[in-house]
Structures are given as C-alpha cells and as structure tokens.
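A.B. asks: Starting off with a structure, shown below.
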Amino acid sequence: MRAPVRILTGITTSGTPHLGNYAGAIRPAVAASRQPGTESFYFLADYHALIKVQDPARVQRSTLEIAATWLACGLDPDRVGFYRQSDIPEITELTWFLTCVAGKGLLNRAHAYKAAVDANTASSDDADAGVTAGLYMYPVLMAADILAFKAQKVPVGRDQVQHIEMARDFAARFNHTYGEHLVLPEAVIEEQVATLPGLDGRKMSKSYDNTIPLFAGPAELKRLVASIVTDSRAPGEAKDPDASHLFTLYRAFADETQAAAMHAALRGGLAWGEAKQALFELLDGQLAPLRERYEGLMAKPADIEATLQAGAAKARAIATPLLRELRAAVGLRPLTTPVIVHGEGSENVNASGKGATSRLPTFKQYRENDGRFYFKLVHADGRVLVQSEGHASPKDAGALIARLKADGAALVHDAGRVLRLADAVVGRLEESVELAEVLASLAVFAEAD
Ligand code: TRP
C-alpha cells in the first residue's frame, strides 16, 4: 500500500460563513477529506486571525462559530486532524526558525503587505503606516503551519498560491542550510469550484455586502433569496438562464436533473418569483439539517473544545518529534551531544550558503525498482554507513528507523557485516565503515530525544 498523501489547510477564523464559503471551500474540502489514500489536517488559523482582529471576544466567538460550522457541514474529526493553531506551540517555534532563514526581500513582495504599502503610498502616508510586523510575517507563520506537519498538498484559493511558493522557498533554504528535514509543499488550486455570485451578481463577498449567511434562519433566507437581482422579464416571457446569477446559484446546489429542469423552465417563461421560491426550497432543504446540527454544536462549546483538544494531540504527535529534530539540526541541542565538525572548517562553513551538507546524520528513505522500501543511514559527512533490507511498506521501514533512533546502542553485527537489532535484521554495514561510527551517529538521535 502507498503511504497516504498528507493534505493540510488552514481556515481563517474571521467573519460569518456565507453560501459562497460553503460551496467554494467547505463543501469541497469535506468531500476531499473523505477520499481514500489521503490523510487530512484542517486547522483553525486563530494566530492569523490576531493580525486582523484585536477584539478578544470576537476572536473567541469566531473560533467557536467556524469550528461549529465545519463540524456541522460534515467534517469528521475522527477521520481528519481538526485542531486550533494556537494549541500547537511547535508552530510558533518553527516560525522563528523559518524567520531566521526567510529573505526579508521576499517578504517585501508578499501581496497583502504590498497592497498595504501601495495604499499608504497612494494616500501619501508613510509606506509602513499602520502595518504591523504581524501582517509582514504572515507568510512565515503560514509556512510554519504547513511545514510543521510535512504536508505535501495544500488546497488553497488562487490568492494564497504566493504563500505556498514562499513556504517552499523557506523550506528549501532551511534544508540547504541544515540538511533535508522539511518537505516542500505543493498548492492545490480548486479550479472547478465556482465562485458563487452574491445577491447583486458580483462575487459573493462580505466586502460587497451581498452575501447569504450559511446559517440564516428560514425567514431570513427567504427574504434574501427574494432580494436577488434579476432582469425585468415578465412571467411567461422566456428568460436566459445562462445570463442569470439566480440560475448560477440554483445550479450550485441542484443535481443535474434539477438544474436541467430549471434551465428549461426559465426558457419556457417561468416567473422570477417562482424561480426564487424554488431556489429557496432547494437551499432550505439542504441547509436545514446543517443548521440544526450547527445550533446543537453551538449550544455545547465544551464538546467542541474537547474535539479540538483531541485534534491537537493528534497533530502534535507529528509536530513534536519534528521540532525536536529541527532543534537539534539548528544546534539548539544538549551540550553533551558530540559536536560534529566536518569539511575543513567548523559547522559554520555553510553559513555562506555554499556546499551545504547536513550537520547531523540522517536517514534517507526511498523506494527501489523492486517495489520495496529501503533506507540508508548517512553520516554527517555524507558517507553511507548502513544500507537497509527491503521492506514491504514505508511504514515498516519507518518503524525500524524509529527503533534504531531509540535503541541504536543495542545494534550488533556478524562476520558477514549483517546488522541486527534484537530479532530484526537491519541491513548491511557498508564497506570500510566501523560499527562504532554507526553507534556514534545513532547516539545523536537518542540524545536529541
Ligand atoms: N491564509 C489562509 C487564508 O487566508 C489561511 C491559512 C493559514 C492557511 N495558514 C494556512 C491555508 C496554511 C493553508 C495552509 O485562506
């Protein structure tokens, strides 16, 4: 079996979700989280929210509402990792490590920061007036969100693609300086999900004040649907469904048969009033059960809190060991760890960015043409020390690596240079490598733990 693809995305905890958020983001994400062969993480980006919202009551309220929304819409916390960013201290720690490799010039070019500077310049203010360092550092925090979990795919809107590119840049710089520790993520852009039109036909957005709140009650929903702008064709007159955003909204919630029937009815002269009634019924039919679940969840914040705590524990099971590894990699390590000097100089040879090698021994995992999974233990100076046996799955190979990191001192070898750890055959000691070198390298992992 292939290792599942790790998908991660952050949900900004500000604003009240509307139909456009539901059709464009929540509904496809919940569907994607049920795909086999994937391992998904969804988190509430509440550290990011602090950049925009500095009203504590609103920060808390918004987190509760957004968490309840995603759960009501079918996100299954037993299947996915569902947690709150601020419950993962590893994210802020990694933010600092990345801050120290991130190019300031690159951050100068981030869209959100540039837009703020452009607006200031246009109004002849100081370029950075009202710009917090938080806004400036937004892309670094977002990179840490992703890299702390070695996420491979990050579903985002177009406006966020630049941030994923930046995360790749920071990860590559970190790896170049300290060895291969971070996974370079890829953006996944949902091309086919339509952006929904709002009441006035422009994109549904809070900034246009043309939204239909996802959990509006039936009376409110009916009133809003009635206020959708249409042309002035009279009942009985043929309508052009393809030029009507009322129909676009209808189609976003209808199945194919329903959409085709509505299309034909409008061409056949269905009155706008009746079309609106049909849209209301369609929406209410789908949203009423979600609304009911939402209200049930909102009434029990303690349950949501417990769900998020369980999610945080699941997430930290990944981030905690990674950060332990990264701390050791950057040199924040116990003073008893043997100092590894390589090349002609000290570890600082790489500070210039040239000739990077990892300063710590590493395990490299890979798959061979025989379909089996292997690993190598590579010395800090780049020499291969141990070549593993083939394993049926990456998980098996990983489990043995974990045992070596924890219990490496118990490793023995026989006359044929075959290495064993208790009952398990680990692999072969490479030519002219001494067992002592292997043990010294493995000791670094044990101490890092
Ligand atoms: N910036 C994203 C947005 O505004 C939210 C976000 C924060 C995010 N951290 C993330 C998305 C990490 C994907 C991955 O939509």
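A.B. asks: Can you tell me which residue is farthest from the ligand (Cβ to nearest atom) among those in the range 11-33 that are in a strand (DSSP E or B) and β-branched (Val, Ile, Thr)?
C.D. replies: Out of the qualifying residues, it is Ile11.
A.B. asks: Of the residues Thr121, Thr69, Thr99, Thr92, which is more than 12 Å from the ligand (Cβ to nearest atom) and closer than 15 Å to His48 by Cα?
C.D. replies: Only one candidate qualifies: Thr92.
A.B. asks: From the list Gly408, Gly416, Gly390, Gly371, pick out the single residue that is among the small types (Gly, Ala, Ser) and in contact with a Leu (Cβ under 7 Å, 6 or more places away or on another chain).
C.D. replies: Going through Gly408, Gly416, Gly390, Gly371 in turn, just one is among the small types (Gly, Ala, Ser) and in contact with a Leu (Cβ under 7 Å, 6 or more places away or on another chain): Gly408.
A.B. asks: Hey, another quick one. Can you report the number of residues in the range 144-166 which are within 8 Å of the ligand (Cβ to nearest atom) and part of a helix (DSSP H, G or I)?
C.D. replies: Looking only at that region, the number is 6.
A.B. asks: Are there any pairs with C-beta distances below 8 angstrom linking a residue in the range 1-27 that is at negative phi to a residue that is more than 16 Å from the ligand (Cβ to nearest atom) and assigned to a strand (DSSP E or B), with the two at least 6 apart or on different chains, and if so which?
C.D. replies: Thr16/Pro213; Pro17/Pro213; His18/Pro213; Leu19/Pro213
A.B. asks: Go through (1) within 13 Å of the ligand (Cβ to nearest atom); (2) part of a helix (DSSP H, G or I); (3) modelled with pLDDT of 95 or more; (4) under 28 Å from Lys300 (Cβ atoms) one by one and return the number of the condition Leu8 breaks.
C.D. replies: It fails just one condition, (2).
A.B. asks: Of all residues in the range 218-257 being in a loop (DSSP other than H, G, I, E, B) and hydrophobic (A, V, I, L, M, F, W, C), which is surrounded by the most Cβ atoms within 10 Å (Cβ to Cβ)?
C.D. replies: Result: Ile228.
A.B. asks: How do the pairs read when you match residues in the range 85-96 that are within 17 Å of Leu44 (Cβ to Cβ) and β-branched (Val, Ile, Thr) with residues anywhere that are more than 12 Å from the ligand (Cβ to nearest atom) and assigned to a helix (DSSP H, G or I), using Cβ under 7 Å and keeping only pairs 6 or more apart or on different chains?
C.D. replies: That search, which allows pairs on different chains as well, returns Ile88/Ala312; Ile88/Ala315; Ile88/Arg316; Ile88/Ala319.
A.B. asks: Among residues belonging to the range 167-184 that are touching a residue at least 60 places away in the same chain (Cβ under 8 Å) and in contact with a strand residue (DSSP E or B) (Cβ under 9 Å, 6 or more places away or on another chain), point out the one that is farthest from the ligand (Cβ to nearest atom).
C.D. replies: Gly179
The values are calculated or read from the model by the stated rules, or taken from the named source; none is laboratory data. This one's a predicted model, so the numbers in the text were calculated from it and none came from an experiment. With ideal geometry, Cβ positions are generated from the backbone for all residues, glycine too; neighbour counts draw on all protein chains shown.
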